[in-house]
Amino acid sequence: MSTSKQAEKILKRPDSFQELGMKLVDYLVNNKSKVALMLSPLLLVALIGYGYFYMQKHQSAKRRTELAKITMMQSKEREAVGTRMEEVQKQIDILKATPSTPASSAKPGAKEPAIDAATLLKIAQLEKSLKDMKPDHGPSAESFKSFYNSNKSNAEGWMAGISWASYTLSQGKLSDVKPILEEIVGASQAHKFYQLQSRYMLAGINEDLGDFDAALKQAEILTGLADDETKPMMLMLKGQILYFKKDLAGARPILNEIIEKHGSTREAQTARSLLAEIGPA
């Protein structure tokens, strides 16, 4: 039996909590003493509260199982292109190791037998195809999108939406991604991790679309949300937006802050390069 079917069976059958609940209710009905009547509202409230928690926990587990299946699909898409790349590399290695010109007819003084022009062209074509190979994440992306549409109010749905957005951005479809990220930003206000992920991507989209004010608004929020580890990245984002906005006076102090407070980071190296290009105040 599959994991999902087992989960459905567990959710549908009466469980120990439900059996306990029914027994307690029967007891309260059959023992209407003064004490029982006083306690019954408290017991029912506790049962309802625990029942809600119990169902939420199982629903969350079921969502995680479904999301894990899509993530596994994405991994298999990567494995498929990895297998193709290995096959092409083997072809290249064979062509390079098997010269088309026999050693007996090679030019005098040549260190290795020559490879003819046709074989060299074939090798170049294979090397180009190898370089261009990328996983086809289209099927898993569609599954992530469908899962998100059914789970817009929970963390598993936000993760699926962000996964879909990441792939769709790689296809250059910025305008398709922007409204989804805005939905996730609005729905995940109390969840810092998803705020950082979705707002960072949204800032990048706005920057690429030339809406620097909207991008800067997201960067300002991100610098406030960031912890010590992510602070240099968020400051760099802000400085970069100001730089491309041609607000060099605004970018300079942000870049200097990165160098002064986070001097050993990669962002500090980028900040130094930008400051050298901007020049002195």
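Bear in mind these aren't lab numbers, they're just calculated from the coordinates by the rules spelled out. Quantities reported herein were computed from a predicted structural model and do not represent experimental measurements. Note that each Cβ is placed from the backbone with ideal geometry, even for glycine, and that neighbours are counted across all protein chains shown.
Taking R0 as 41 Å, what FRET efficiency do you get between Lys152 and Ala114 from their Cβ-Cβ distance, rounded to the nearest 0.05?
Numbers: r = 63 Å, r/R0 = 1.54.
Computed FRET efficiency for Lys152 and Ala114: 0.05.
Using a simple spin-label model with points 7 Å from Cα along the Cα→Cβ vector, what separation in nm is obtained for Ser175 and Ser273?
Rounded to a tenth, the inter-label distance reads 3.2 nm.
So which GluC sites (Glu not before Pro) in region 220-278 end up in coil per DSSP with only 11 or fewer other C-beta atoms within 10 Å? Display every interim value, and only then the final one.
Values: sites: Glu220, Glu229, Glu257, Glu260, Glu267, Glu277; in loops: Glu229.
Loop-located and lightly packed - Glu229.
Go through Lys128/Lys231; Lys134/Lys217; Lys69/Lys192; Lys152/Lys173; Lys69/Lys238; Lys173/Lys231 and tell me which ones have a Cα-Cα distance over 32 Å in this structure. Present the calculation step by step, with values, prior to reporting the outcome.
Details: Lys128/Lys231 39 Å; Lys134/Lys217 34 Å; Lys69/Lys192 25 Å; Lys152/Lys173 21 Å; Lys69/Lys238 37 Å; Lys173/Lys231 28 Å.
From the list (Lys128/Lys231; Lys134/Lys217; Lys69/Lys192; Lys152/Lys173; Lys69/Lys238; Lys173/Lys231), the Cα-Cα distance tops 32 Å for Lys128/Lys231; Lys134/Lys217; Lys69/Lys238.
Is the C-alpha gyration tensor of region 171-278 telling us rounded, prolate or oblate? Criteria: a/c under 1.5 is rounded; beyond that, a/b larger than b/c is prolate, otherwise oblate.
Working: a/c = 2.32, a/b = 1.45, b/c = 1.60.
The shape class here is oblate.
Taking the Cα centre of region 171-278 as the origin and placing charges on Cβ (Lys, Arg +1; Asp, Glu -1), which of Ala226, Leu174, Gln197 is farthest toward the positive end of the dipole?
Ala226
If the chain between Ser166 and His191 were fully stretched, how many nm would it gain, using 0.36 nm times the residue separation less the Cα-Cα distance? Don't jump to the answer; show the numbers that get you there.
Values: separation 25, 0.36 × 25 = 9.00 nm, distance 1.92 nm.
In short, 7.1 nm is gained.
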